[in-house]
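Below is one structure, written out as structure tokens; comments come after it.
Since every read-out is calculated from the coordinates, none of them should be taken as a lab result. Just so you know, these numbers come straight off a predicted model, no measurement behind them. Here Cβ is always computed from backbone atoms with ideal geometry, including for glycine, and neighbour counts include all displayed protein chains.
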Amino acid sequence: MKTLRVNHLLGIKDLQPEEIQLIFETADHFKEVINRPIKKVPSLRDITIANLFFENSTRTKLSFELAEKRLSADVVNFSSSSSSVNKGETLIDTVNNILAMKIDMVVMRHPNPGAAHFLSTRVNSRIVNAGDGTHEHPTQALLDAYSIREKTGDVAGKKVLIVGDILHSRVALSNIYCLQKLGAEVKVCGPSTLIPKYIKALNVEVEPDLIKGLNWCDVANMLRIQLERQGGGHAYFPSLREYTMMYGLNKERLDRLNKEITIMHPGPINRGVEITSDVADSDHSIILNQVENGVAIRMAVLYLLASKIERP
Ligand code: CP
């Protein structure tokens, strides 16, 4: 298979393992490209891409824009905070107005689960989900798995512990789908109030004890507590201090393990809450490798989806 079966990237749930491997092989090529003195290829010079961000982003937004420019696409950026959405315009009206400007592909982040799917049923452009509420963040999961592959040689057979706010995390759900499709074993760890009830149906075990989880895993992916999705305050645990005591990763906890593990974080990091600075910045951490790999993975996704667009 040298092409994706899907026409849009809405979620990892829709991908076959061979499609993920194809994205990785394509990203290997683009990773070599972005390390050349001239970091640009003409692959998408006839393609126009709109980046629609209805929710805050640093890494994903910059990474997609850089990936598009490295592929020579024309790029337009939209941010809801400075748009007519604030005057009451709906998602579909906003998007239809943007598409009237002849846009081939849309990269969208939106606070509502299913927003990317909704868009894909109503417009002709290729849609890439850059995070839809608490649902999926497919390119984050792809770059995470790609970074594990780069660091350890293969994802298959690895034990990955995802720690923190699983309930509100699109990164957790997409990572679970992606890692399992590639043959890894996944456990989650966190306060029971932040573990979704459906987790067992995903064939994922819950490990309530962080130390036991760290001793089990090869890779620990530390997630941020998403206070912005928790209705204000700490409704799910007594205090951030107590959360950190129970589930925060620090050097002492890492040093007490009888083996070396790889530490990941999708960002943004709340230093001193889910992870201390000495761990985030240590040799065990691949956090900045994840960011670097995000550009190559997003180039691969855009390139493969664009290859399915009919071009003269
Ligand atoms: N990891 C991630 O999605 O970060 P941003 O919210 O900054 O894009």
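Over 25 Å, how big is the tail of the calculated P(r) for the chain, in percent of all Cα pairs?
49
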Between region 1-58 and region 225-298, the alpha-carbon center distance in angstrom: 27
Dipole moment magnitude, nearest 20 debye, the chain about Cα centre, only Lys, Arg, Asp, Glu C-beta charged: 400
Candidates Asp74, Asp281, Asp218, ranked by Gaussian network fluctuation over the chain, Cα under 10 Å, top entry: Asp281
Longest exposed-site-free window of the chain, the sites being GluC sites (Glu not before Pro) in a DSSP loop that have at most 15 other C-beta atoms within 10 Å: 90-259
Cβ-based net charge around Ala235, under 14 Å, with every Lys or Arg adding one and every Asp or Glu removing one: -2
Net charge dipole size for region 138-291 [Lys, Arg +1 and Asp, Glu -1 on Cβ; Debye, nearest 20]: 360
Ranked Arg5, Arg224, Arg36, criterion: other C-beta atoms within 10 Å, fewest first: Arg36, Arg5, Arg224
Region 56-115: trypsin sites (Lys or Arg not before Pro) falling in loop per DSSP and having at most 14 other Cβ within 10 Å: Lys102
Value of relative contact order over region 233-288, rounded to a whole percent, pairs C-alpha under 8 Å and six or more apart: 41
Gyration tensor verdict on region 146-267 (Cα atoms; rounded if a/c is under 1.5, prolate if a/b is larger than b/c, oblate otherwise): oblate
All lysines inside 22 Å of Lys39 as judged from Cα atoms, apart from same-chain residues fewer than 8 positions distant: Lys31, Lys61, Lys69
The chain: most fluctuating residue of Ser83, Ser277, Ser192 per GNM, C-alpha cutoff 10 Å: Ser83
Exposure proxy order (Cβ contacts within 10 Å, fewest to most) of Leu44, Leu305: Leu305, Leu44
Gaussian network model of the chain, springs between alpha carbon atoms under 10 Å - residue of Asn250, Asn97, Asn270 with greatest fluctuation: Asn97
Extension gain (nm, one decimal) between Glu242 and Asp283, 0.36 nm per residue minus Cα-Cα: 12.1 nm
Under Karplus coefficients 6.51, -1.76 and 1.60, residue-wise ³J(HN,Hα) of region 273-278 in Hz, glycine/proline x: 9, 7, 7, 8, 4, 5
Residue-averaged 222 nm ellipticity for the chain, from DSSP H runs of 4+ at -39500 (n - 2.57), nearest 500: -11000 deg cm²/dmol
Under Karplus coefficients 6.51, -1.76 and 1.60, residue-wise ³J(HN,Hα) of region 192-203 in Hz, glycine/proline x: 4, 5, 10, 10, x, 5, 7, 4, 5, 5, 8, 6
The chain: DSSP helices with Cα axial extent of at least 20 Å and average Kyte-Doolittle hydropathy no lower than 1.0: 287-306
